[in-house]
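These notes concern the structure reproduced below.
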Amino acid sequence: MQLNIKYFGQISEITEINEECIEFSGDNVSDLLEVLHSKYKNLENKDFKVAQNQELVSEATKISGQDIALLPPFAGG
């Protein structure tokens, strides 16, 4: 399946892009993270959240949507 992945903040600095489409054949978010960690080695050392279709998800969540976002930690105030 085609996934549209958006990168924000320091995550986009690591990937050097804001958005990309990739072909993904895995099942869940942890599978996707393995793919992204192998493509962008410096992501392994960063803390970030994953959103699918604009909702935060865990690593065990099944990939069912095409829109994925990697969000760096943020503070409210």
Tally, over the range 49-74, of residues that are part of a loop (DSSP other than H, G, I, E, B) and either open to solvent by 100 Å² or more (accessible area, probe 1.4 Å) or in contact (Cβ under 8 Å) with a residue 40 or more places away in the chain (or both): 6
Per the filter on the range 1-48, residues assigned to a strand (DSSP E or B) and touching a helix residue (DSSP H, G or I) at 6+ places or on another chain (Cβ under 8 Å) are 3, 5, 7, 22
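The values are calculated or read from the model by the stated rules, or taken from the named source; none is laboratory data. Being a predicted model, the structure only gives us computed values, none of them experimental. FYI the Cβ positions are ideal-geometry reconstructions off the backbone, even for glycines, and counts take in every protein chain you see. With ligands, DNA and RNA removed, areas are computed over all heavy atoms of the protein, side chains included. Shrake-Rupley method; radii C 1.70, N 1.55, O 1.52, S 1.80 Å.
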